[in-house]
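Participant: Here you go, one structure.
The values are calculated or read from the model by the stated rules, or taken from the named source; none is laboratory data. The model shown is predicted, which means the values in this text are computed figures rather than measured ones. Here the Cβ positions follow ideal geometry from the backbone for every residue, glycine too, while neighbour counts run over all protein chains shown. For accessibility, only protein heavy atoms count, side chains too; no ligands or nucleic acids. Shrake-Rupley method; radii C 1.70, N 1.55, O 1.52, S 1.80 Å.
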Amino acid sequence: MKTMTCKQLGGACDKVFKAETFDEMAELSRAHGMQMFQEGDAAHMKVIQEMMVLMNNPEAMKKWLDTKKLEFSALKDD
Ligand SMILES: [Zn+2]
């Protein structure tokens, strides 16, 4: 298992996620982001809005994802 925080994944808090694969990690982060969004957490709403802007730019989105995948693969397993 590898560990990343909400912040490391472009989020807004220090919540810790553990996953075997990057896709799993991204899914945990997305689910957490959606929950915080629904709770009206201002910090998370801000980063989610930034992420939505990024998603409108496939080139930038791909670059961002590649960076996060590299970070993930560079992590040591727990
Ligand atoms: Zn968070």
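Participant: Are any residues in the stretch 5-34 part of a helix (DSSP H, G or I), surrounded by fewer than 17 Cβ atoms within 10 Å (Cβ to Cβ) and touching a strand residue (DSSP E or B) at 6+ places or on another chain (Cβ under 9 Å), and if so, which ones? Steps first, answer last, please.
Facilitator: Step one: filter the stretch 5-34 for residues part of a helix (DSSP H, G or I), giving 7-9, 22-34.
From the residues that got through so far, the ones that are surrounded by fewer than 17 Cβ atoms within 10 Å (Cβ to Cβ) too are 7, 23-24, 27, 30-31, 34.
Across the stretch 5-34, the qualifying residues are 24, 27.
Participant: Which count do you get for residues in the stretch 55-68 that are farther than 16 Å from residue 8 by Cβ and either in contact with a strand residue (DSSP E or B) (Cβ under 9 Å, 6 or more places away or on another chain) or surrounded by 14 or more Cβ atoms within 10 Å (Cβ to Cβ) (or both)? I'd like the intermediate steps shown before the answer.
Facilitator: Within the stretch 55-68, the subset farther than 16 Å from residue 8 by Cβ is 55-63.
Right, trim to either in contact with a strand residue (DSSP E or B) (Cβ under 9 Å, 6 or more places away or on another chain) or surrounded by 14 or more Cβ atoms within 10 Å (Cβ to Cβ) (or both) and you get 61.
Qualifying residue count for the region: 1.
Participant: Could you list all residues from the stretch 39-54 that are open to solvent by 80 Å² or more (accessible area, probe 1.4 Å), within 13 Å of the ligand (Cβ to nearest atom) and not acidic (Asp, Glu)? Can you show your working first?
Facilitator: First pass over the stretch 39-54, keeping only residues open to solvent by 80 Å² or more (accessible area, probe 1.4 Å): 39, 46, 49-50, 52-53.
Restricting the remaining residues to those that are within 13 Å of the ligand (Cβ to nearest atom) gives 39, 46.
Within the stretch 39-54, 46 is the sole residue that qualifies.
Participant: Among the candidates 75, 54, which residue alone is without any contact (Cβ under 8 Å) to a residue 60 or more places away in the chain and not acidic (Asp, Glu)?
Facilitator: Working: 75 fails: without any contact (Cβ under 8 Å) to a residue 60 or more places away in the chain.
Selected residue: 54, the only one of 75, 54 that is without any contact (Cβ under 8 Å) to a residue 60 or more places away in the chain and not acidic (Asp, Glu).
Participant: Return the pair list, or none, for Cβ contacts closer than 9 Å from residues in the stretch 14-29 that are of a type in the set (Lys, Arg) to residues that are surrounded by fewer than 14 Cβ atoms within 10 Å (Cβ to Cβ), at least 6 apart or on different chains.
Facilitator: Going by the 9 Å Cβ cut-off, the qualifying pairs are 15/5; 15/7; 18/1; 18/78.
Participant: When residues of the stretch 6-31 are filtered for being more than 14 Å from residue 69 (Cα to Cα) and either near the ligand (Cβ under 10 Å from one of its atoms) or touching a Ser or Thr at 6+ places or on another chain (Cβ under 8 Å) (or both), how many remain? So that I can check it myself, show each step before the final result.
Facilitator: Pass one, the stretch 6-31, residues more than 14 Å from residue 69 (Cα to Cα): 6-7, 11-18, 28, 30-31.
Still in the list and also either near the ligand (Cβ under 10 Å from one of its atoms) or touching a Ser or Thr at 6+ places or on another chain (Cβ under 8 Å) (or both): 6-7, 11-18.
Adding up the residues that qualify gives 10.
Participant: Within the stretch 35-49, count every residue that is free of Cβ contacts under 8 Å to residues at least 12 places away in the same chain and either assigned to a helix (DSSP H, G or I) or under 15 Å from residue 71 (Cα atoms) (or both). First the steps, then the outcome.
Facilitator: Kept after step one, since they are free of Cβ contacts under 8 Å to residues at least 12 places away in the same chain, are these residues of the stretch 35-49: 35, 37-40, 42, 45, 49.
Narrowing further to those that are either assigned to a helix (DSSP H, G or I) or under 15 Å from residue 71 (Cα atoms) (or both): 35, 37-38, 42, 45, 49.
Residues in the stretch 35-49 being free of Cβ contacts under 8 Å to residues at least 12 places away in the same chain and either assigned to a helix (DSSP H, G or I) or under 15 Å from residue 71 (Cα atoms) (or both): 6 in total.
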